[in-house]
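*Asks:* Attaching a single structure in structure tokens format; questions to follow.
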Amino acid sequence: MRQLSCSLVSHGAGGHGWPLACVILAWAFYAGPLLSPATNLFLNDTYCLDLPTRVHAAQLIRSGEFPVWTSGIHCGYPLFADGQTGILYPLFMIYLISPTAEAHDVFMALHFLLMALFTYLFLASRPLLPWAAAIGATVFMASSYHQSSHVIPGGIATVAWLPLALWLIDRGAKGDRRSYWWCAAVNTVMFLAGHAHAALICYSLQLLWLMRCEGWLQVRRWLPAALIVFVLAVGICGVQLVPTRAFVAESSRSAGGWFSSGVDPEVIEQFRLRWGQLLLFVWPNAFGDPWSWSWSDEVEVSRLPWWEALIVFQGFAALALTPLALVWGKPRSEVAFWAAIALVALLLAGLLPAYWILGYLPLFNLFRWPTRFMIVFAMAIAVLSGYGAEAALRGVWRLLAQWPRPRLVATAAVVAGSLIGTIYHHFGPYCAAADFFSSASPAILSEAATNPDLRLSTMRPLYNCWAANEAQLRRNAAALPPDFNLLFHVDNAMVSDQGFTVSPHVMTDISTTDNPNYLRMAGVTHLAYADPLALVDELEATYPFRAAPPPMAELELLSTDPAYFYRYKPALSRAWMVYSAVVKAEAKERLKYIRSADFDPGREAVLEINPPAMTPPDEQPTVAWRQPRQSRLELDVKTDAPGLLVVADYCWPEFEATVDGHPAQLLRANHAFRAVAVPAGSHRVVMELRPRSVYKGLVVSGVALAIWGFGFSNARRRPIPFREAGASR
């Protein structure tokens, strides 16, 4: 019994078995339900955006086509350029193996496990007992910040690698210089995970840790390391960054700059921490339990936004152990460092009034949501919890030094109580909804299978989803909300998505109108809603930036169960000919004309420049599609007069057009779509994507990878015993 009790605090490699087993057990309790087929992550962004685009990209890759472009989103969308899809992220292979909703649950569960194991690795290299490291690792995994942000899988995937990067930096500072090159690789993976803002915040914490490990004033030591760890990592990501830069320039949410983002005071105010929320650290349900909101119509959702509730709470173990670390944790310098990091993170999360000034600084304002600095807070609290657990375990050990059996029981009780206390009240990462992702409308799927021209517009968000019951959530899903259609191979025009998350700004401009002409310009043929249009109109006041639905006289109701599914009678096909054009050089003038009752997109086009001469035809023109690929469209056009071929696809700048094999000017029509002048006669028109930004990014990544390979092979490598990586005891 004495030997067993001594093994609980062993520093040898063999002493890590039971603590690691407990970490894995805590993970199985906390995130294991995600592996159940009857459990889904169904929150807004997950199934309106992230899950479908990831599955869709995997399906394209499996079919032999790299997803540089997809015609299924936004009337055409540069899918690869949207870095949050994480196509180049190594663990994206999970979706390639099985492009299903269940694969996404595995993806999320795996990252919670990596988060715990990497944190244990980092803490076990500090002057901590293995059991203390296990408690700190569980605190980080079960952090309430991760609960509130798991709706964005790229954020969880990014943060999971942070403790591993900290461990590598620590080893590099102790003499194993090759660890810095490994850290660059880890930071590359972190950036490719799909959440650039979270990656930048993680880099900020790593830089401070690097400066501390190398010496705050030793600029000649930490600056070269920083260039390797951060700058080189970003360079390797060039193949993703350069196309994303082009995408950002077209996005509704950005100012289009490399190092700056549009400053939105309303967003800052909405997504910042309030002083009153510090109460959540000691009273986790002070404002009500947000995880019950999805199942009750009686809870007032506006009482506290879901993304803020519990965001400060890190578990009852952290609540008890952090004060112990502040008082008795050693070494004092390291405890002081992490305590300062936690305090600064809280201030930057919104408690600091100066954030309103910092929000206008380039690079800093890329973080957008102040509460994202809670990533740093969660890491700091996990480390402090480890030091607090160390102090608690040692204190119990000393008090019961003369009684081996009680000592074992007491030590086990401290550990078990801390682990249970950490994950208690943390049931947010998953919500049971059996086969939720199979909630599709048979009428929509049947129409999509028989109508190759179907374009479904579902612009409404999951209104009041947190106050909705499961039946309402299933109706929302059956209406195929933005992007959800991709799971069922249904094309979706999606002129704008929920909250304009990834909408090109020209699409956003078109959709914010009461004139339903935007549906015709986008080639929309059908519409779907979770509720009757009367209720949709009523809810429109909640989302004033949404375009109003068309009049009922223009719709034919095809199905009411489980979703309201309509055919749009005045729909145009995806491509058509016009023989008249109005030139409006200014965007405001174009939009004003498009939104007017005088504009008929089936008869004329609105252009930015003067088109070639056109004459009315004597006979009806014909436009026939050849088998289109995602990034290449071929059309056979027959017209007896010169005119404009208008295609209801987004006019991404990297598309080029040819007519009968000869280069032709690709025009921007109707503010957001494509057009090309076609002379009289029969012609073959081709529109093909030339992803120049991807090619440029490949060059940048190639150069950076060559530098990494050369530096890694020549880096000095000195083996470091596991415990030596931490400070001496």
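The values are calculated or read from the model by the stated rules, or taken from the named source; none is laboratory data. A quick note: this is a predicted structure, and the numbers were derived from the prediction, not measured. Backbone-built Cβ (ideal geometry, glycine too); neighbour counts: all protein chains shown. Surface areas here come from the heavy atoms of the whole protein model, side chains and all, with no ligands, DNA or RNA. Shrake-Rupley method; radii C 1.70, N 1.55, O 1.52, S 1.80 Å.
*Asks:* Mind giving me the nanometre distance, one decimal, between the label points for residue 622 and residue 450, set 7 Å out from Cα along Cα→Cβ?
*Replies:* 2.5 nm
*Asks:* Taking all protein chains in place and a 1.4 Å probe, what share, in percent, of the accessible surface of the range 634-710 do carbon and sulfur account for?
*Replies:* Roughly 65 percent, rounded to a whole number.
*Asks:* What residues of the range 569-589 lie in the reach of a label at residue 597, counting those whose backbone N is under 17 Å from a point 7 Å from the Cα along Cα→Cβ?
*Replies:* Backbone N within reach: none found.
*Asks:* For residue 420 and residue 552, what does the FRET efficiency come to when R0 = 45 Å and r is the distance between their Cβ atoms, rounded to the nearest 0.05?
*Replies:* About 0.20, to the nearest 0.05.
*Asks:* Related question: Stretched out fully, how many nm does the piece from residue 684 to residue 274 gain, at 0.36 nm a residue minus the Cα gap?
*Replies:* 141.5 nm
*Asks:* Residues of the range 164-190 with amide nitrogen under 14 Å from the 7 Å Cα-to-Cβ point of residue 333?
*Replies:* Within reach of a label on residue 333: 174.
*Asks:* Can I ask one more? Compute the signed sum of charges (Lys and Arg +1, Asp and Glu -1) over the other residues within less than 13 Å, Cβ to Cβ, of residue 226.
*Replies:* +2
*Asks:* If you roll a 1.4 angstrom probe over the protein chains with everything in place, what fraction of the accessible area of the range 128-236 belongs to carbon and sulfur, to the nearest %?
*Replies:* Reported share for carbon and sulfur atoms: 70 percent.
*Asks:* Quick check: net charge around residue 93, other residues with Cβ under 13 Å of its Cβ, Lys/Arg +1 and Asp/Glu -1?
*Replies:* After counting each charged neighbour, the total is +2.
*Asks:* By per-residue mean of other Cβ atoms within 10 Å, what is the highest-first order of 24-34, 579-589?
*Replies:* Result, highest mean first: 24-34, 579-589.
*Asks:* Can you run phi through the Karplus equation (6.51, -1.76, 1.60; θ = phi - 60°) for the range 316-332 and list ³J(HN,Hα) in whole Hz, with x for Gly and Pro?
*Replies:* For the range 316-332, the Karplus-derived couplings read 5, 5, 4, 4, 7, 8, 4, x, 4, 5, 5, 8, 10, x, 9, x, 4 Hz, x marking Gly and Pro.
*Asks:* Using 7 Å Cα-to-Cβ label points, what is the residue 698/residue 715 separation (nm, one decimal)?
*Replies:* Modelled inter-label distance: 2.8 nm.
*Asks:* Now, a different point. Across bins of 10 angstrom width beginning at 0, how are the C-alpha pair distances of the range 607-684 distributed, in whole percent?
*Replies:* 18, 54, 27, 1
*Asks:* Something else now. Could you tell me the relative contact order of the range 606-662? Use alpha-carbon pairs under 8 Å, at least six residues apart, and round to a whole percent.
*Replies:* Value for the range 606-662: 31 percent.
*Asks:* Next up: Nearest 20 debye, what's the magnitude of the dipole of the range 548-701 about its Cα centre given +1 on Lys and Arg Cβ and -1 on Asp and Glu Cβ?
*Replies:* Taking the Cα centre of the range 548-701 as origin, the dipole is about 540 debye.
*Asks:* Between residue 660 and residue 409, what FRET efficiency follows from the Cβ-Cβ distance if R0 is 51 Å, with the result rounded to 0.05?
*Replies:* 0.05
*Asks:* I'd like the accessible area for residue 491, computed on protein heavy atoms only with a 1.4 Å probe and all protein chains in place. Round to 10 Å², please.
*Replies:* 50 Å²
*Asks:* Additional query: Tell me the net charge near residue 667. Cut-off is 9 Å between Cβ atoms, residue 667 excluded, with +1 for each Lys or Arg and -1 for each Asp or Glu.
*Replies:* So the environment of residue 667 carries a net charge of +1.
*Asks:* What percent of all Cα-Cα pairs in the range 578-729 falls into each 10 Å bin, going from 0 up to the bin containing the maximum distance?
*Replies:* Distribution as computed: 10, 29, 23, 11, 7, 7, 8, 4, 1, 0 percent.
*Asks:* With the cut-off at 14 Å, report for the range 557-617 the share of all Cα pairs above it, as a whole percent.
*Replies:* The share of Cα pairs beyond 14 Å in the range 557-617 comes to 67 percent.
*Asks:* So if R0 is 51 Å, what FRET efficiency would residue 561 and residue 283 give, r being the distance between their Cβ atoms, rounded to the nearest 0.05?
*Replies:* Efficiency for this residue pair is about 0.70.
*Asks:* Order the peptides 158-166, 199-207 from the highest to the lowest mean number of other Cβ atoms within 10 Å of their residues.
*Replies:* Top of the packing list down: 158-166, 199-207.
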